[in-house]
Amino acid sequence: MDDETEQSGGGPFYLGFDLSTQSVKAVVTNDALQVVQEVSVKFDQDLPEFGTSGGANRDPTNSKVVTAQPIMWVKAMGLVLEKLRLLEPPLLDQIVGISGAGQQHGSVFWKRGGLETLRNLDPDKFLHDQLAFAFAIQNSPIWMDSSTSEYCDMLEKAVGGAEVLAKLTGSRAYERFTGSQISKIFHTKREAYNATERISLVSSFIASIFLGSYAAIDYSDASGMNLLDIREKTWSPICLAGVVPEEGEGANLAEKLGPPTPTEAVLGTISPYFVERYGFSSDCKVVAFTGDNPSSFAEMCLGANDIAVSLGTSDTLFLSMPSLPQHGFGEGHIFVNPIASKDHYMALLCFKNGSLTRERIRRDYANGSWSIFNELLDSTPRGNFGNVGFYYDLWEIIPKIKNGDHKFNKEGSKLTKFTSNEVEVRALIEGQFLSRRLHAEKIGCKITKETKILATGGGSANPKILQILSDVFNAPVYVQGDSNSADLGACYRVKHALYGEGRPFDQFIQSVQAYQKVWDPNKDAKEIYDKMLQRFAILEQTILNL
Ligand code: 5FX
């Protein structure tokens with residue numbers, strides 16, 4: 001970026017959306033990519049009529065089934081735009097481009113006629129009134145769902161095994177990945193499947209609304225489906241057939257998905273609905289939306305030795321990968337890199353029990369208060385007297401383990417509860433980070449003297465938690481002011497897509513990187529946590545064998 005642009009606090013402006021598990025957020029940045037406006041809508045609080053908890057609806061008869069209603073997302077999107085429209089100064093007419101991020105893996109099944117509806121949205125009416133009947137499935141499966149094991153087995157068998165699938169698509173079959181979710185719909189709700197005109201990911205779903213037409217799925221988010229050949233960047237015919245085996249009337253999955261697109265693609269201009277109703281410029285461009293993790297990855301511009309740790313509803317770790325490993329990737333995932341062209345990739349590990357579990361322990365042991373929680377953390381030593389805890393509110397993904405808590409004392413004896421609230425709170429945070437480190441090392445992540453941890457997500461606003469993260473990984477932790485990087489990453493991607501002129505993404509936006517070091521590890525951390533990690537690995541194995 002040249003000096004003039006760097007100093008520009010004015011327009012043009014960029015709009016970044018983030019439809020995450022619990023909320024929709026939007027940020028407007030100026031041309032220097034500084035946030036100038038920010039609004040959000042929380043599903044549980046602001047849209048109680050949808051009965052969500054943590055943004056999701058859990059099936060009372062089967063805890064593995066977790067969904068959310070796309071019409072709730074649409075209503076939230078309308079509210080966010082309304083809030084933006086009312087802000088002073090009004091900026092919507094100066095926004096040159098929009099992009100965004102969505103919780104990964106979730107799918108939206110548009111009913112036949114959906115495209116027609118999108119093309120003809122009436123600016124005098126609410127979005128949610130017009131899209132109420134646009135979906136073949138009212139409850140969309142989301143990433144928290146783990147009800148598709150049999151379809152995962154079917155897919156792995158169809159392609160020749162888990163390793164073959166991992167090599168082809170970057171991941172073994174995972175329950176939350178969209179391929180097995182589509183397979184479940186195909187096998188159990190055939191009528192709805194046949195009535196489906198288009199299948200979107202959450203990311204391409206919001207892009208479609210802004211575009212007034214079906215938006216292509218981008219390569220990076222498409223990598224979370226077990227359907228994309230990550231080398232060729234096309235849908236893999238063998239995987240498609242493993243998901244929808246019978247070719248019959250309406251089965252044609254490739255057609256329902258539409259061709260995938262590079263993440264940096266400009267998909268078109270904004271639908272007239274938004275021009276007339278909210279005052280957007282009719283020239284405003286829509287850049288491909290992507291997954292929340294790839295979009296955060298774009299915002300962080302990770303260096304070769306950096307590890308990103310996103311502490312949100314799920315905790316995710318991601319790394320940059322210059323080339324593909326020879327073999328599959330165990331319990332991790334490889335996604336097409338959202339910002340580098342050609343052969344670059346990103347590696348990702350996803351732990352399902354993140355902030356909701358931290359909130360549960362805060363409620364049960366710290367009176368629901370973060371300041372009490374932090375005082376309790378402060379009053380226990382690193383290593384927690386040898387006590388180790390595992391806390392899972394939901395079926396965990398890494399490792400694949402049933403929900404429940406497991407607590408062990410110094411001698412390795414199983415306990416039903418620890419001796420104090422202090423020990424409980426520290427056991428949760430140390431246990432979560434030991435697990436993140438253990439599984440990162442398992443996929444080949446090396447923690448060196450140069451390693452930096454870039455923390456983001458809601459949990460990264462808590463400095464005490466970050467100190468423990470730094471100690472457990474024995475590496476410095478960096479944060480930037482806005483703890484939500486997915487929406488900001490979308491603004492960066494818009495600017496690069498519109499004005500980058502082929503320049504590498506990281507060089508183009510380098511000067512806006514505002515990560516500041518907040519903690520160095522304590523001197524004794526390495527000794528304490530290297531040993532503790534070995535015990536943790538053995539105890540985790542014990543639980544897996546239960
Ligand atoms: C990543 O693979 C995940 O499943 C989660 O981090 C979701 O993207 C959360 F939105």
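The values are calculated or read from the model by the stated rules, or taken from the named source; none is laboratory data. It should be emphasised that the depicted structure is a prediction, and the values quoted were computed from it without experimental measurement. Cβ sites come from the backbone with ideal geometry, for glycine too, and all protein chains shown count toward neighbours. Just so you know, the surface numbers come from the protein's heavy atoms only, side chains and all, with ligands and any DNA or RNA stripped out. Shrake-Rupley method; radii C 1.70, N 1.55, O 1.52, S 1.80 Å.
Could you list all residues from the range 91-109 that are in a strand (DSSP E or B) and over 21 Å from residue 144 (Cα atoms)?
95, 96, 97, 98, 99
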- Query: Can you tell me which residues in the range 36-90 are part of a loop (DSSP other than H, G, I, E, B) and under 21 Å from residue 486 (Cα atoms)?
  - Reply: 54, 55
- Taking into account only those residues within the range 170-198 that are of a type in the set (Val, Ile, Thr) and in contact with a Phe, Trp or Tyr (Cβ under 6 Å, 6 or more places away or on another chain), which is nearest to the ligand (Cβ to nearest atom)? 185
- Query: So which helices (runs of 4 or more DSSP H) stay within the range 178-228 end to end and still have 3 or more residues that are assigned by TED's automatic domain parsing to the domain that holds residue 262 and among the hydrophobic types (A, V, I, L, M, F, W, C)?
  - Reply: 178-188, 202-211
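Let's see how each residue does on (1) assigned by TED's automatic domain parsing to the domain that holds residue 310; (2) buried (at least 22 other Cβ atoms within 10 Å of the Cβ); (3) in a strand (DSSP E or B); (4) of a type in the set (Gly, Ala, Ser):
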residue: 117; (1), (2), (3), (4): no, no, no, no
residue: 132; (1), (2), (3), (4): no, no, no, yes
residue: 138; (1), (2), (3), (4): no, no, no, no
residue: 155; (1), (2), (3), (4): no, yes, no, no
residue: 168; (1), (2), (3), (4): no, no, no, no
residue: 176; (1), (2), (3), (4): no, yes, no, no
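Residue 242 - would you say it is assigned to a loop (DSSP other than H, G, I, E, B), touching a residue at least 60 places away in the same chain (Cβ under 8 Å) and open to solvent by less than 20 Å² (accessible area, probe 1.4 Å)?
Criteria not met by residue 242.
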- Kindly indicate the residue of the range 325-346 that is in contact with an Asp or Glu (Cβ under 9 Å, 6 or more places away or on another chain) and under 18 Å from residue 173 (Cα atoms) and also farthest from the ligand (Cβ to nearest atom) among those meeting that condition. 327
- residue 263 assigned by TED's automatic domain parsing to the domain that holds residue 33, over 26 Å from residue 42 (Cα atoms), of a type outside the set (Gly, Ala, Ser) and within 16 Å of the ligand (Cβ to nearest atom): yes
- Message: Could you go through the range 31-42 and let me know if any residue there is assigned by TED's automatic domain parsing to the domain that holds residue 215 and more than 30 Å from residue 499 (Cα to Cα).
- Response: yes
- Message: Can you pull out every residue in the range 63-102 that is modelled with pLDDT under 95 and in contact with a Ser or Thr (Cβ under 8 Å, 6 or more places away or on another chain)?
- Response: 64
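Listed here are the residues, each with its yes/no results for (1) surrounded by 19 or more Cβ atoms within 10 Å (Cβ to Cβ); (2) in a strand (DSSP E or B); (3) within 16 Å of the ligand (Cβ to nearest atom).
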residue: 353; (1), (2), (3): yes, no, yes
residue: 356; (1), (2), (3): yes, no, yes
residue: 361; (1), (2), (3): yes, no, no
residue: 376; (1), (2), (3): yes, no, no
residue: 385; (1), (2), (3): no, no, no
residue: 390; (1), (2), (3): yes, yes, no
residue: 398; (1), (2), (3): yes, no, yes
residue: 412; (1), (2), (3): no, no, no
residue: 427; (1), (2), (3): yes, no, no
- Could you list all residues from the range 380-416 that are closer than 14 Å to residue 352 by Cα and not charged (D, E, K, R)? 390, 391, 392, 394, 395, 397, 398, 399, 401, 403, 404
- Under 7 Å between Cβ atoms, at least 6 apart or on separate chains: pull out the pairs that start in the range 316-338 with a residue that is of a type in the set (Gly, Ala, Ser) and end on any residue that is assigned to a loop (DSSP other than H, G, I, E, B). 320/302; 320/304; 323/343; 328/172; 330/443; 332/443
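Across the range 182-208, which residue is surrounded by the most Cβ atoms within 10 Å (Cβ to Cβ) among those that are within 24 Å of residue 26 (Cβ to Cβ) and touching a helix residue (DSSP H, G or I) at 6+ places or on another chain (Cβ under 7 Å)?
Of everything passing the filter in the range 182-208, 203 is surrounded by the most Cβ atoms within 10 Å (Cβ to Cβ).
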- Name the single residue, out of those in the range 266-320 being among the hydroxyl-bearing types (Ser, Thr, Tyr), open to solvent by 10 Å² or more (accessible area, probe 1.4 Å) and assigned to a loop (DSSP other than H, G, I, E, B), that is farthest from the ligand (Cβ to nearest atom). 282
- Pairs under 9 Å by beta carbon, first residue among the acidic types (Asp, Glu) in the range 493-510, partner assigned to a helix (DSSP H, G or I), six or more apart or different chains? 501/508
- Message: Could you go through the range 91-102 and let me know if any residue there is more than 16 Å from the ligand (Cβ to nearest atom) and under 18 Å from the mean Cα position of the chain (by Cα).
- Response: yes
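How about the range 45-61: which of its residues are open to solvent by less than 60 Å² (accessible area, probe 1.4 Å) and not aliphatic (A, V, I, L, M)?
Result: 50, 51, 52, 54, 55, 57, 59.
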- Inter-residue pairs, beta-carbon under 8 Å, first closer than 10 Å to residue 147 by Cβ and in the range 51-72, second in a strand (DSSP E or B) and open to solvent by 50 Å² or more (accessible area, probe 1.4 Å), 6+ apart: 65/58; 66/58
